[in-house]
Structures are given as C-alpha cells and as structure tokens.
Amino acid sequence: MNSQMKQEMDEEAKEKREKFLAMIEAQLPPIVFKNWRGWRDLLPVAPGTIANDDVLHKGPKDFVFFGRVKGYTRESLIAYLRESAVFGIGGAAMKEKFFDRLRTLPPTGSGFHTALMSCVNYGILAGLSEHQIFALIKVSIPSGGARKVQDREISDAIKKAAADIPTYTGNRRTEYVAPPPKPISNGQATRQRMIEASAISDEADLWESSPKRIDWEPAEDTLHFFERMYHPDDLIFIGDRYEAGVIGKTIRTAKDWIEYFRHDGQSAPHICINPLSGELAPTKSGDNMTYRGDLCVKTFKYCLVEFDDLTREDQIRFWTSPAAQKLPIACLVDSGGKSIHAWLRLSGVRSMDDWVKKIKSKLYDQFLIPLGVDAACSNPARLSRLPGHLRDGKYQRILWMNTPVEGR
C-alpha cells in the first residue's frame, strides 16, 4: 500500500469517526454524569474505564460533582473519546478487522448483505454493543446503491450474529467452575491490597460494570432475582429470620413465588440462599425438626459472603478488585443497611459432606474468613436479604449481577 492510499484510508476513517462522534454528541446532555441511564446504550466506553484514566490524569478535562457523583461536560467527553479512539472493549485484532470491514462496505447490489454479516460478526467478536455496531454501520453505508438499507436489515443481522457467536458479551454465559483459592496467611494485608487495586468505589460505576444490566426499578428486583438465580422447580424459603418453614406458605417453588409476586403478594425480608428438599430434617441442635435447616438443603448452588467491618465504599472496591472478580460472583445485593451481600455460585458440591470439605473448610476457613468475612455466613441454609423488599424505607436491591436466565 503506497503512502497516498494509506493517507486516503486514514482520512476516510477519520471522517467516519467524526460522524460517529457527532451522532453521539447530538444525543448527550450538557453534563454527562456517571449514573446517566443512557450511558451504556450510547457511549463506547464504561465509566470505570474513564475512572481509571482519571487516576492517571488522562480522563476528560472538565467535570463537576453533584454530591459524590462525577459528571463530565459534553464537549470534554467528546474530546476524550476523540483522543483515546476507544470504540469497544473487545480484542484489538477483532476491532481492527471490524473497522476494516466497515471502511470497505460495498453499496447495495454489489454484495452488501454478505459484507454486512461479515462486518457485524467482527463487531460482535470485538465486544462492541448492539447500539455501537448499529450506529457505526448506519453512518458507513455508501450512497448510490441499488436500494435503501432499512434499519431492520441491520438490526436482524446483529441479532443473528449475537445468537450465533457464544462469546458475545451482551449475552455472556459464564461457566462458574473456578479453582479453590489459595489459603491466606495475612488476611488483613491481602484484603487491603485488594481494596486498593480497584478503581471503582461508587454505585454508579458498580452498576455500569454489571454484566447483566440492572435496568428495572428496585421494586421489580424480586421477580428478576428469581428468574435468573433459580430453576422454576427449586423450593425456596422466604420469610422473617425466625419464621418456620411451611410448605406452600413460606416455602414454595420459584415459579410459584414468581406468580405470587406478580399478583402483588407481600414481600418478606429474608431468603434461604439454597433450594430445599421439602422434607423434615433435624435442626443444628438436634432437638427439633425443620423444613429449612442445613440438612434440608437439596441443591448447593450458592454460598453467601458478607463483611461487617468495611465501609460501603471499601466493600464496593473489594468486590470490583481484579482478585475478587476471579471469584464466581453471581450477584451483589444491597442489604438495605450498611452491608453488601455477595452470592457466589458453586459447582461440584453435591452433599453436606462436600460442603464441609470444599466450602466450609477450604473456601471459608482458609480464604474468606482470614479476609474478615463474617464466619456466621458459612452454612448452606444461610439467610440473605431478599432483593425487592422495603426495609425501613430503603429497598434491599440488586447492585450487580452475572447470571443467565437459562442454565441455572
């Protein structure tokens, strides 16, 4: 490729980038706060990424604070995007191929649809969102074709690629099979290093980093929680801390609870994290029988992790640290008080003996408890705060989620 051709291609790419940035700028508010609802749909970079650049003094130059929420001026944010040239989160090679295909899209009547599918596939593999791919393709379609390209054609191509490519981040399905963490000798020092390694400390960035977008109201959390965390036939306890387990009342299948709450059923503060068998078993003391004790657990899907001695900001930092993100976190739940409850998804735990050996003895005793986690959380029938319940005027709510609807 001679220098003149390269210069022409660079100028063409620059022109298309400017069209894309102009389209973004036209839809931005004057001040773009990190918790702005339209951020993920429109902007090609997450607030957490900009937060990292802010620490390095490479972020947008002009900003304001409303309380503790940071906002960037529209012009400053566009200038940042122009300089950084960040248009996705996927691999550099896939992004390069995507933009190559974008630059060479033929007019309709000259193999456009085949080229469109190739372009979309690389966009998906690069990790760009459907909104980003659509917008970039829309401004890159050459004029003078045999027909007008309808928005539906682009959208259908994106949906087909998203369904066919399993690595698409918008529909990511994580396999929760993680090696057991190594034992920790100096837990407090390790925890502090983990906290300091995170660039995220506020709820806006935590919300933005959630693999599953939390785009519903807190009052709807219970329905979404059941749909994503449990199989429809799982028997689940919901009730007060000392309320008895009663089949058909406080213990129902997930699908029955969903139906109950859809018809405005009354919520309760607590939920047993693991599905139950529906059979009586001895309590921990052995003095009584119960339907919701540790020996009543049928499926060991989750364990609960909670800190009692960390500030809310440090809890967010801990769970968003690179080391904590290696854990199989399914959900982070605001307790409606000071703490955040982390639900870790388990694999290979089939009995109470497995729980004691793999979870209690290794995960909790050797790893989590040295980090300062509440040791009382280490039983399989542990109660957690139910998302969607109103506690003293504040919702217990989902803050972060990474679990598919299917394959629970």
**Message:** Would you confirm whether or not the stretch 262-269 contains a residue that is within 30 Å of ASP53 (Cβ to Cβ), of a type in the set (S, T, N, Q), in contact with a Leu (Cβ under 8 Å, 6 or more places away or on another chain) and not in a helix (DSSP H, G or I)?
**Reply:** no
**Fill in**
With criteria (1) among the acidic types (Asp, Glu); (2) crowded, with 17+ Cβ neighbours inside 10 Å; (3) farther than 20 Å from PRO275 by Cβ, ASP234 comes up short on (3)
**Item:** Members of the stretch 1-34 that are part of a loop (DSSP other than H, G, I, E, B) and either within 17 Å of PHE98 (Cα to Cα) or modelled with pLDDT of 80 or more (or both)
**Value:** LEU28, PRO29, PRO30, LYS34
**Prompt:** Just one of the numbered conditions (1) within 19 Å of the chain's Cα centre (by Cα); (2) among the basic types (Lys, Arg); (3) modelled with pLDDT under 85 is not true of LYS159; which one?
**Reply:** (1)
**Request:** Could you grab the pairs with beta carbons closer than 7 Å, sequence gap of 6+ or different chains, first residue in the stretch 25-39 and assigned by TED's automatic domain parsing to the domain that holds LYS61, second one loosely packed, with under 13 Cβ neighbours inside 10 Å and aromatic (Phe, Trp, Tyr)?
**Result:** PHE33/PHE66
**Request:** Output yes when any residue across the stretch 333-350 is touching a Phe, Trp or Tyr at 6+ places or on another chain (Cβ under 7 Å) and assigned to a helix (DSSP H, G or I), and no when none is.
**Result:** no
**Request:** Being closer than 18 Å to ILE158 by Cβ, modelled with pLDDT of 85 or more and not in a helix (DSSP H, G or I) is the filter here, so list the residues in the stretch 90-138 that pass it.
**Result:** LEU105, THR108
**Request:** Show the residue pairs that are 6+ apart or on different chains and have beta-carbon atoms under 9 Å apart, the first residue being within the stretch 271-288 and on the phi > 0 side of the Ramachandran plot, the second being in a loop (DSSP other than H, G, I, E, B) and surrounded by 12 or more Cβ atoms within 10 Å (Cβ to Cβ).
**Result:** GLY278/TYR291; GLY278/LYS298
**Item:** Hits in the stretch 255-267 (condition: touching a residue at least 12 places away in the same chain (Cβ under 8 Å) and surrounded by fewer than 16 Cβ atoms within 10 Å (Cβ to Cβ))
**Value:** LYS255, ARG262
**Request:** Select from the stretch 365-408 the residues that are over 30 Å from TRP216 (Cα atoms) and without any contact (Cβ under 8 Å) to a residue 24 or more places away in the chain and list them in ascending order.
**Result:** ASP365, ALA375, ALA376
**Prompt:** Given the structure, is ARG317 of a type in the set (D, E, K, R), closer than 25 Å to THR299 by Cβ and either under 24 Å from the mean Cα position of the chain (by Cα) or not assigned by TED's automatic domain parsing to the domain that holds ARG292 (or both)?
**Reply:** no
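The values are calculated or read from the model by the stated rules, or taken from the named source; none is laboratory data. Everything numeric in this text was worked out from a predicted model, so none of it was measured. Methodologically, a virtual Cβ is constructed for each residue, glycine included, from the backbone with ideal geometry; neighbour enumeration extends over all protein chains shown.
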